[in-house]
Number of protein chains: 2
Amino acid sequence: MSNDRKIYKPGPIRGFPEWLPEERLVEQKWFDHIRNVFESYGFCSIETPSVEEIDVLTAKGEVDKEIYVIERLHKDDSDKSEARLALHFDQTVPFARYVAMRFNDLVFPFKRYQIQRVWRGERPQAGRFREFYQCDIDVIGVDALPMHFDAEMPAVMWEILTGLPGMENEKIQMQISNRKVLLGLLAHLGIKDAVKYTTFIDKMEKIGIDAVKAGLKLNLRLDELSEDIADKILHLASIKTSDAVTLRAEIAKLGINDESFNIGVEELAFVLESLKGLPKDAIVADLSIVRGLDYYTGTVYETRFLDDPTYGSICSGGRYDDLASGYINKHLPGVGISIGFSRLFAKMIEKGTLNTTQKSPADLMMIMPSEDRRGEILALCQGLRKRGIKVEMYHAARKIPDQLKYAAKKGIPYVWFPDEDGHKIKNMLTQEQGPADPATWERPQ
Amino acid sequence: MSNDRKIYKPGPIRGFPEWLPEERLVEQKWFDHIRNVFESYGFCSIETPSVEEIDVLTAKGEVDKEIYVIERLHKDDSDKSEARLALHFDQTVPFARYVAMRFNDLVFPFKRYQIQRVWRGERPQAGRFREFYQCDIDVIGVDALPMHFDAEMPAVMWEILTGLPGMENEKIQMQISNRKVLLGLLAHLGIKDAVKYTTFIDKMEKIGIDAVKAGLKLNLRLDELSEDIADKILHLASIKTSDAVTLRAEIAKLGINDESFNIGVEELAFVLESLKGLPKDAIVADLSIVRGLDYYTGTVYETRFLDDPTYGSICSGGRYDDLASGYINKHLPGVGISIGFSRLFAKMIEKGTLNTTQKSPADLMMIMPSEDRRGEILALCQGLRKRGIKVEMYHAARKIPDQLKYAAKKGIPYVWFPDEDGHKIKNMLTQEQGPADPATWERPQ
């Protein structure tokens with residue numbers, strides 16, 4: 001019947017990931033795990049619309065090239081009276097707008113998580129997503145925010161990253177620093193406007209100490225970079241420890257006494273102390289970490305694959321001074337951290353370590369023995385579902401081998417035979433078969 | 001410090017719903033429940049990108065006015081080489097494109113659910129959402145699709161709608177019909193092009209039998225509408241029963257023998273038979289239901305509040321002949337049903353029957369007694385979390401009444417006191433307090 005139809009075959013849209021059912025099933029397990037951990041620390045969920053007013057999105061800087069504007073295909077005069085809208089490119093700007101708008105309805109410190117899609121209007125290029133999920137947590141205080149939360153952020157994310165199904169064998173490490181320390185040192189050494197020169201210090205591992213020394217000379221605009229200053233910066237930037245005592249001892253060698261510097265050291269030491277319960281080397285203070293954004297004013301976080309350090313950070317964030325300045329006349333310090341979900345998930349899909357054998361969420365498929373038993377079989381399935389078991393009832397009284405083939409193709413792990421001489425269940429992986437009781441059967445873990 | 005800042009206060013964007021944390025918490029419970037039921041019947045999840053090529057979205061009809069196109073704020077030449085993109089306005093078109101594109105990777109009958117946002121570029125007007133969630137299920141076969149699934153659709157949705165937290169006292173009813181019956185009757189009576197005149201028949205309840213009779217006369221373009229024809233149509237359209245035997249008996253009174261008509265009756269009777277396990281009056285065959293879309297070719301579904309019948313259907317769908325004609329040279333019949341989630345959720349929020357007392361997902365708040373016990377308290381929280389309990393640790397060693405006040409404001413149901421003479425737990429609702437063991441405590445259901 002369909003041979004004379006005109007066929008238009010749409011292909012995938014570059015930069016907009018889409019998964020097969022068996023991949024999506026793992027993606028859901030990842031989201032469930034992330035949500036579970038977030039909530040187990042008392043973070044509440046919020047969602048914001050996909051769009052914001054363009055003026056809100058562009059208020060804070062030069063991101064306008066990456067913004068997707070939305071417009072009705074056939075605009076008319078009624079559109080002119082409205083603000084122009086665009087898809088959000090991160091979850092921080094919408095969150096700031098949300099907190100400002102709903103300030104009186106929220107309880108502070110406000111702990112929220114947000115798992116949504118964001119959009120970047122990038123030119124299409126390999127490996128860049130234009131639509132992707134981010135998983136963010138932030139805690140916002142009014143006027144002040146205890147350091148407790150700076151320590152909670154990496155604890156939450158460590159638990160998440162090491163618990164994602166299929167990530168068990170990945171060696172990851174979180175690096176923590178505090179911008180007050182490096183910036184305090186530079187200010188103390190008389191180097192002004194240091195912020196813009198600091199980002200290359202965290203390339204030390206990549207380019208080597210001599211290159212950093214040369215860079216320091218050039219970038220910090222010292223006519224002559226004294227050996228003393230260079231050594232101090234390099235000493236600081238090479239400190240890597242997860243032990244607060246070692247941290248303090250190494251930093252004491254610099255002999256610096258600067259108020260902001262000292263506060264930074266104490267904040268960082270507090271975070272390390274609070275994370276002592278985690279495995280050794282899970283989280284290290286790494287004083288070369290600065291993060292690109294001026295936005296951050298204290299603690300900063302990055303996370304790397306230890307065997308693929310150039311891949312870039314998979315989970316980053318930090319402490320900032322004021323979330324929603326510009327929208328509300330309140331001082332709202334915060335700390336936050338974010339997983340670039342889709343990029344990480346796509347990497348693991350590509351690597352092939354995720355278990356994508358199931359194309360269906362069903363625990364078992366119910367054999368349909370004959371049409372005249374339909375009512376009985378429907379009731380049997382319903383009873384199992386009431387006990388939390390996911391049951392796909394086969395859709396017609398076909399030959400048993402056909403029914404089994406369907407279950408095998410979908411990767412459904414068990415098949416139930418409602419035989420008249422007694423119920424049986426078959427493990428599709430081991431092919432073992434045994435008796436089963438609808439009132440008590442549970443899927444083995 | 002902030003008094004001299006320029007403040008821009010963004011307001012809500014009309015048509016784009018956004019919820020407070022305590023409302024979002026209930027919304028999540030709704031989504032969890034819906035997902036659980038979908039999966040308990042073996043439906044697998046898919047998600048598609050938020051956008052499709054404009055040509056894909058507009059291929060099937062006159063919806064272009066409702067489409068939101070996306071464009072990079074600052075376009076350049078590289079954009080011209082790409083297809084124009086727009087936000088999807090439903091989940092059916094993207095699903096059809098998905099099935100066509102991934103046909104060889106899917107197992108048929110393919111049972112999928114999809115819970116995503118969709119966008120309608122409507123003019124702003126009261127009560128109309130421009131961004132909202134839809135929850136869809138569809139089953140797709142190749143060349144044929146068993147009637148089993150036509151019966152499964154309303155069973156799934158009945159379980160969902162009656163199990164949504166806060167909907168317990170709503171009186172809802174699903175109406176089922178089969179378009180082959182009414183259309184078969186009209187064709188049999190010699191009325192051509194009947195489809196376009198049928199939609200007003202389902203207004204019978206609203207406008208009365210005489211008005212429908214007059215309408216039939218006018219719309220069916222009969223010079224003289226014979227009493228016999230009118231009576232037959234009205235008899236059919238007034239049949240309302242959940243019993244297959246009654247259905248067959250009432251329809252037999254018409255004395256019609258038409259192949260398509262008879263098939264329609266048998267299909268409808270099969271669906272009713274399969275749903276016998278549901279409460280009386282949960283689901284009724286209502287032969288006046290036709291649905292607006294020509295798309296549907298057999299079973300059709302609608303769902304109404306019995307005490308607010310003019311509110312419109314909250315859950316609708318039906319059987320269609322071919323999902324993805326135009327994208328693939330295969331014949332893919334299907335059946336689907338959809339909940340307009342956001343509209344229903346917003347209605348219940350407005351009605352005030354949802355329990356929005358909790359602003360946090362935490363089961364309990366852990367009292368922080370003193371800074372020198374921080375390590376011990378962190379470990380205590382961690383132990384409880386490992387057992388699946390959601391614990392917000394208070395963030396500083398403040399006075400106990402301040403800590404309790406915070407828990408009360410967030411609606412956290414329990415507070416844990418790690419007193420040195422033994423752990424205690426307080427029920428914040430009843431104010432009862434008693435001993436608690438970190439190794440065994442469970443939140444009462």
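Can you show me the helix-derived [θ] at 222 nm for chain A, built from DSSP H runs with n ≥ 4 at -39,500 (n - 2.57) apiece and divided by the number of residues, rounded to the nearest 500.
On the way: 15 runs with 154 residues, N = 445.
Estimated from H runs of four or more residues: -10000 deg cm²/dmol.
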- Item | Accessible surface buried upon A-B contact (total; probe 1.4 Å; Å², nearest 100) | 9800
- Item | On Cα atoms only, tilt of B:92-101 relative to the major axis of chain B in degrees | 90
- Task: Would you mind listing the distances between the B:Asn104 label point and the same position in each other copy? Use 7 Å along Cα-to-C-beta, nm, one decimal, shortest first.
- Result: 6.1
- Message: Using a 1.4 angstrom probe on the protein heavy atoms only, could you order A:Thr440, B:Thr303 from most to least accessible area?
- Response: A:Thr440, B:Thr303
- Task: Assuming a ≥ b ≥ c are the square roots of the Cα gyration tensor eigenvalues, decide whether region A:78-171 counts as rounded (a/c under 1.5), prolate (otherwise, with a/b larger than b/c) or oblate.
- Result: oblate
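Taking R0 as 45 Å, what's the FRET efficiency between B:Asp105 and A:Ile207 from their Cβ-Cβ distance, rounded to 0.05? All intermediate terms of the calculation are to be shown ahead of the outcome.
Details: r = 45 Å, r/R0 = 0.99.
Between B:Asp105 and A:Ile207 the formula returns 0.50.
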- Query: When Lys and Arg each count +1 and Asp and Glu each count -1, what net charge do the other residues less than 13 Å away from B:Glu376, Cβ to Cβ, add up to?
  - Reply: -2
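In peptide B:153-162, how many Cβ atoms from other protein chains are near each Cβ within 10 Å, on average? Spell out each step's value before the answer.
Values: counts 0, 0, 3, 0, 0, 0, 3, 0, 0, 0.
Mean number of neighbouring Cβ atoms from other chains: 1.
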- Task: Pick out, from B:Gly317, A:Asn169, B:Thr58, the residue whose Cα sits farthest towards the positive end of the charge dipole of the protein assembly as shown, with +1 on the Cβ of Lys and Arg and -1 on the Cβ of Asp and Glu.
- Result: B:Thr58
- Using a 1.4 angstrom probe on the protein heavy atoms only, line up B:His148, B:His331 by accessible area, largest first. B:His331, B:His148
- Query: Can you give the accessible area of A:Cys135, probe radius 1.4 Å, in Å² rounded to 10?
  - Reply: 0
- Query: Given the protein chains as shown and a 1.4 Å probe, how many square angstrom of A:Asp231 are accessible, to the nearest 10?
  - Reply: 80
- Task: Taking 7 Å along the Cα-to-C-beta vector as the label spot, tell me the A:Asp402-B:Tyr8 distance in nanometres, rounded to one decimal.
- Result: 6.4
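Give the accessible surface of region B:21-351 per residue, rounded to a whole number of Å², with probe radius 1.4 Å and ligands, DNA and RNA excluded. Intermediate results must be reported in sequence, preceding the final value.
On the way: 12800 Å² over 331 residues.
Result: 39 Å² of accessible area for each residue.
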- Note on the structure: Result for region A:371-411: accessible area per residue, probe 1.4 angstrom, in square angstrom, of 48
- Kindly give the distances from A:Gly277 to its copy-mates, label point to label point, with each label point 7 Å from Cα along Cα→Cβ, as nm values to one decimal ordered shortest first. 4.5
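Name the shape class, rounded, prolate or oblate, that the alpha-carbon gyration tensor gives for region B:364-435, where a ≥ b ≥ c are the square roots of its eigenvalues, rounded holds for a/c under 1.5, and otherwise prolate holds if a/b is larger than b/c and oblate otherwise.
Values: a/c = 1.39, a/b = 1.18, b/c = 1.17.
Taking the square roots of the gyration eigenvalues as a ≥ b ≥ c, region B:364-435 is rounded.
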- Report, in degrees rounded to the nearest 10, the 0 to 90 angle that the Cα long axis of helix A:374-386 makes with the longest principal axis of chain A. 30
- Item | Nm distances between copies for B:Glu122, ranked from closest, using label points 7 Å along Cα→Cβ | 3.5
- Task: Taking the Cβ of B:Ile160 as the centre, find all other residues whose Cβ is under 14 Å away and add up their charges (Lys, Arg: +1; Asp, Glu: -1).
- Result: -4
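Which percent of the accessible heavy-atom area of the protein assembly as shown goes to carbon and sulfur, probe 1.4 angstrom?
Details: 19080 of 38040 Å².
Roughly 50 percent, rounded to a whole number.
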- B from A by rotation - nearest chain A beta carbon to the axis, in Å: A:Ile70, 3
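The values are calculated or read from the model by the stated rules, or taken from the named source; none is laboratory data. Predicted model, so just to flag it, every value in this text is computed and none were measured. Note: ideal-geometry Cβ built from the backbone for every residue, glycine included; neighbour counts use all protein chains shown. Heavy atoms of the whole protein, side chains included, go into the accessibility calculation; ligands, DNA and RNA do not. Shrake-Rupley method; radii C 1.70, N 1.55, O 1.52, S 1.80 Å.
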